[in-house]
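Please treat every number below as a calculation from the coordinates, not as lab data. Every value quoted in this text rests on a predicted model; they were computed, and no experiment measured them. Cβ placement follows ideal geometry from the backbone for every residue including glycine, while neighbour counts extend to all protein chains displayed.
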Amino acid sequence: MPIKRIGFLVWPSTRPLTLALLDEALRVAARVSKESALHCSWWVAEGDASSMSFPGIEFSPLPSSLEGYDRLIVLADEPMAQLPTATANAVRQAARASVPLTAISAGVYVLAQLGLLDGVRTAVHWRWQDDFAERFPKVIATTHLFEWEKHRVTACGGMATLDLALALLGREFGGELAGSVSEELVVERIRDGGERQRIPLRNRLGSSHPKLTQAVMLMEANIEEPLTTDEIATHVCVSRRQLERIFKQYLNRVPSQYYLELRLNRARKLLLQTSKSIIQIGLSCGFSSGPHFSSAYRNFFGVTPRDDRNQRRASGAVEGVAALPPEQ
């Protein structure tokens, strides 16, 4: 049966863009085909409903029961420290009633904390991959745009929210409607959920030079055991001097400097998003010892790894991840 009633469970961290993408896709669908008009309820997951506002959407307090809805969509754009008891109970009740559950962006943390994604392929935003994998090892985290497994649908957020909305419309009302909505919204194509999130490397580098792309791909694939500049040059079939010229021209740094920055940025991500020890992180990012790692980290970021972790944890600003106790 086509979806008739959708409930949106919205966390205060949800950005206007996320709301706009969903709301506009559903509004256009209703305008294109009256048969696709949906009854949408928008609930605030925590806090006062009056604190949430978005043009055209009326937010209400969370009802005691979510049964009778054809789908529950959980929206959040930053991971939450904990779930309010009433919210957790309502989501569990919906799951027991076999209401299909959808989580977008950090909404996956809600379902994961309740054990509702164990053993399920789950699209997790690349920014939270390490933290999510450590906190929820039973969940099969992927870097795809979205995943669709029976009664569990997840999307990484951002523009993939619109891709999921179009896929949802297509499954429930047919591909013709989804195509009409995408045409109305001037969407060039409907991306498949299996596509990967990250921007192609050549776009991130701002260059399509094939040797540069190959060299950086090698670096990203060899973080724990770094290659030498000579080894990289051999693998991409250029001389060391030529490789250095390419890096200097396009990235304004020599290969070894870029490689070091790549490893340090990877280390910082692990430092702020996981509970791994500093020495474990240093070794996993190609540093031979704790002092070597701390020295390189301090020279680049202006703070030691331990101080950086403790400062971020104390401020609760660990890349959108809930604050942890300072490391002693």
*Rounded if a/c under 1.5, otherwise prolate or oblate - the stretch 10-98, Cα gyration tensor axes*: oblate
_Under 25 Å between alpha carbons - lysine pairs in the chain that sit 8 or more apart or on different chains_ = 6
*Give the residue from ILE281, LEU185, TYR259 lying farthest towards the positive end of the charge dipole for the chain; charges sit on Cβ (+1 for Lys and Arg, -1 for Asp and Glu) and the dipole is referred to the Cα centre.*
TYR259
*asked:* What do you get for the angle between helix 16-32 and the principal long axis of the chain? Use alpha-carbon atoms, 0 to 90 degrees, nearest ten.
replied: 40 degrees
*Using unit Cβ charges (K, R positive; D, E negative) and no other charged atoms, how large, in debye to the nearest 20, is the dipole of the chain about its Cα centre?*
760 debye
*asked:* With the cut-off at 1.5 for a/c, could you classify the stretch 99-218 from its C-alpha gyration tensor as rounded, prolate or oblate?
replied: oblate
*Taking square-rooted eigenvalues a ≥ b ≥ c of the alpha carbon gyration tensor, is the stretch 259-320 rounded, prolate or oblate, where a/c under 1.5 means rounded and, failing that, a/b exceeding b/c means prolate?*
prolate
*asked:* Let me check the size of the chain from its C-alpha atoms; what are the radius of gyration and Dmax in Å?
replied: 22.8, 68
_Dipole in debye (nearest 20) - the stretch 5-94, about Cα centre, beta carbon charges: Lys, Arg +1; Asp, Glu -1_ = 240 debye
*Between the helical axis of 210-221 and the dominant principal axis of the chain, each derived from Cα atoms, what acute angle in degrees is found, rounded to the nearest 10?*
80 degrees
*With springs only between Cα atoms under 10 Å, which of THR87, THR154, THR228 fluctuates most in a Gaussian network model of the chain?*
THR228
*asked:* For the chain, what does the helix formula give at 222 nm: sum of -39500 (n - 2.57) over DSSP H segments with n ≥ 4, over the residue count, nearest 500 deg cm²/dmol?
replied: -14000 deg cm²/dmol
*For the chain, set up a Gaussian network in which alpha carbons nearer than 10 Å are linked by springs, and say which option among LYS150, LYS276, LYS138 fluctuates the most.*
LYS150
